[in-house]
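Report on the following structure.
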Amino acid sequence: MVGVELLEIFGSDLTVVNAARVSFAKESVELGKADEKLISYLAKNGHSSPFFHPQIRFRLKMPIFLAREWFRHTVGFARNEVSRRYVDSDPEMFMPDGLRARNPSVKQGSKDELVEHNTELLVKMEEWNSLSISLYKFLMEDGVCPEQARMVLPQSMFTEFIETGSLAAYARLCKLRLDPHAQKEIRDYADAVSVILAKAFPVSWAALMS
C-alpha cells in the first residue's frame, strides 16, 4: 500500500496566474479562459517561476530503498524524516507483491514477468526481515545505542517523512518518476502524488505534465 497523505496546500491555479501577472501590475480575481491560456503558455515555454509559488505538504511513508531515490530530488523541497537515533519501536518492512525478473537488455529496470522461484524467494525475504528485526531488538535489549543498533536493519524498512515542495518541483519529480523506465514501486508513489495534485491544480498540473 502506498503511503501518501496530503497534509496541507498553499495556493491554487490562480496563485500561478497572479505570480505571472504581477509583472504587468495586474491581478485576476477568478480563473478565466485567458488565465488558463496563460498557464499553458508558461508551462510550454519553460517559464517555471510562477509554478514555484504554490506549496504542498505531504506525509510520506516508503521503504528506504525508494526514499533514497525520492530524496535525489532536492530543488524546491524541504524534508524532515523519522530518525532511528531517537525512535526504537519495532521497524516495519516492505514486501513486494512479486519479484520481477531482471531485464538483460537494460542496465536498470525489470521485466513484467516474475522470477521462476518467486514464492520461495519471497518466503526467504520475509525470513531475512524477521531475523534482522530480531537482531535489532536483541542489540537494543543488550544495551546497544539505537544509532548503532539500526545498522543491521535492511533497506526494505519503512521510513516516514514530512515533505514540502513547490508545484514546479513536484511536476519535475513526477515526470521523471512516472517514466516507464522508472522502478515500478516508485512510479506507484509518483502516481499517487500526481492524482492528488491534478485535483488541487487541474489547469496547472495538466499543463506541466503534458
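Each Lys and Arg adds +1 at its Cβ and each Asp and Glu adds -1 at its Cβ; summed about the Cα centre, the chain shows a dipole of about 980 debye.
Give me the mean projected area, in nm² to one decimal, of the convex hull enclosing the Cα positions of the chain. Write down the numbers at each step before the final one.
Numbers: hull surface 57.2 nm².
Across all orientations, the chain yields a mean hull projection of 14.3 nm².
How large is the charge dipole for segment 117-171, taken about the Cα centre, if only the Cβ atoms of Lys, Arg (+1) and Asp, Glu (-1) carry charge, to the nearest 20 debye? That gives a dipole near 80 debye. Annotation for segment 129-188 versus segment 52-69: alpha-carbon center distance of 11 Å. Taken about its Cα centre, segment 1-91 carries a charge dipole of roughly 300 debye when the Cβ of each Lys and Arg holds +1 and the Cβ of each Asp and Glu holds -1.
Counting Lys +1, Arg +1, Asp -1, Glu -1, what net charge surrounds Pro146 among other residues with beta carbon under 9 Å of its beta carbon?
Residues near Pro146 contribute +1 overall.
Farthest towards the positive end of the charge dipole of the chain, among the residues Leu99, Leu7, Gly143, is the Cα of Leu7, using unit charges on the Cβ of Lys, Arg, Asp and Glu.
For Glu27, what is the net charge nearby, where nearby means another residue's Cβ is under 13 Å from its Cβ and Lys, Arg count +1, Asp, Glu -1? Result for the local shell: 0. Phi angles of segment 85-100 translate, via the Karplus equation with coefficients 6.51, -1.76, 1.60 and θ = phi - 60°, into HN-Hα couplings of 6, 10, 10, 10, 6, 4, x, 10, 10, 8, 10, x, 5, x, 9, 6 Hz per residue; Gly and Pro are given as x. Annotation for segment 95-204: trypsin sites (Lys or Arg not before Pro) lying in DSSP loop with at most 16 further Cβ atoms inside 10 Å of their Cβ are Lys107.
Of the trypsin sites (Lys or Arg not before Pro) found in segment 48-82, those in coil by DSSP whose Cβ has at most 16 other Cβ atoms within 10 Å are Arg72. Given the DSSP H assignment, sum -39500 (n - 2.57) over each helix run of at least 4 residues in the chain and divide by its residue total; what's the result at 222 nm in deg cm²/dmol, nearest 500? Taken over the chain, the calculation gives -13500 deg cm²/dmol. Placing unit charges on each Cβ (+1 for Lys and Arg, -1 for Asp and Glu) gives the chain a dipole about its Cα centre, and among Ala25, Gly109, Gln55 the Cα reaching farthest toward its positive end belongs to Ala25. Among residues other than Leu122 with Cβ under 14 Å from its Cβ, the summed charge is -3 (Lys and Arg +1, Asp and Glu -1).
Would you kindly calculate the mean projected area, averaged across all directions, of the convex hull enclosing the Cα atoms of segment 100-152, in square nanometres? For segment 100-152, the mean projected area of the Cα convex hull comes to 5.1 nm².
The numbers here are math on the coordinates, done by the rules we state, and not lab data. Worth saying up front: this structure is predicted, and the values here are computed from it rather than measured. Ideal geometry is used to build each Cβ from the backbone, glycine not excepted, and the neighbour counts take in all protein chains shown.
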